[in-house]
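All remarks here apply to the structure that follows.
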């Protein structure tokens, strides 16, 4: 694998957002000795995303390579994996289609992650950019839009447990190892469906593999907010998507904390069940701590995704599924 960085933009109908994003990438101050590329992952777009991306890139005299790949399985997690699989270089930068990276972002990111081998995921801070006035509620919810600081100061943020996918920097081999044999449990955004949590799931796996999360306040990017994203209706829909991912992310948190006490949240209370669904097998080999979600995938053959815990009806469905599995094990 060559030393350099692959910038990956996952797109679903991104034609209106890509021009400014590509412009900021084309204006990056990257040393001549650094190899890099831009990979556009078209995740089943129905507009002319591909054409716009190619046309915008052709406007600039960039040293980086340019490539467009297709991912037919809808979902940001699928698109990211496709992009990483096609990456030519060791370092990976996930740039959302509305992230305008500061001109020194790539250079600084490489310097930081290259000098600290313990870093598994590196993140920066987003600065809101909008064509319209921000709503009154914005400051209270800005962080959910990947805007603001992710910590008070630069440094290890393992206790935080996650970094935003926007502007996230990681390593190709680490990313592929994290999902080797154990695909993502969360699809993340799917077209216009605002599911979430794919970046948090990846960070959880990185922590389980013995690496650290690092935040740098020196890495900054503008996060453009389309007017539609600043409506109360969009915010509500987005937070419903956050809620949908919490059951699985809580599973990871339990594993990381080394606790084996499964739980399901129900009307403000904690209900415990004696089942192994959260159990994680950790294997120690020459490369260090590796993640093997063996029990989660192999011993429990049912899909978590339709059974989130935000309604009593779904909680009951989970309990019935678990009890049925337990009965089959003890039959």
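The values are calculated or read from the model by the stated rules, or taken from the named source; none is laboratory data. Note that the structure is a prediction, hence the values are computed from the model and not measured. Positions of Cβ are generated from backbone atoms using ideal geometry, with glycine treated the same way; all protein chains shown enter the neighbour counts.
Data for the structure
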{"read-out": "Condition check for residue 176: modelled with pLDDT under 95, loosely packed, with under 15 Cβ neighbours inside 10 Å and assigned to a helix (DSSP H, G or I)", "value": "yes"}
{"read-out": "Residue within the range 127-145 that is assigned by TED's automatic domain parsing to the domain that holds residue 42, crowded, with 23+ Cβ neighbours inside 10 Å and either within 18 Å of the chain's Cα centre (by Cα) or within 27 Å of residue 184 (Cβ to Cβ) (or both) present", "value": "no"}
{"read-out": "Strands (runs of 3 or more DSSP E) wholly inside the range 205-293 containing at least 1 residues that are surrounded by 14 or more Cβ atoms within 10 Å (Cβ to Cβ), touching a helix residue (DSSP H, G or I) at 6+ places or on another chain (Cβ under 8 Å) and at pLDDT 50 or above", "value": "212-225"}
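The rows are residues; the columns are (1) surrounded by fewer than 23 Cβ atoms within 10 Å (Cβ to Cβ); (2) within 19 Å of the chain's Cα centre (by Cα); (3) touching a residue at least 24 places away in the same chain (Cβ under 8 Å); (4) not assigned by TED's automatic domain parsing to the domain that holds residue 210.
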site	(1), (2), (3), (4)
21	no, yes, yes, no
53	no, no, yes, no
58	yes, no, no, no
62	yes, no, yes, no
119	yes, yes, yes, no
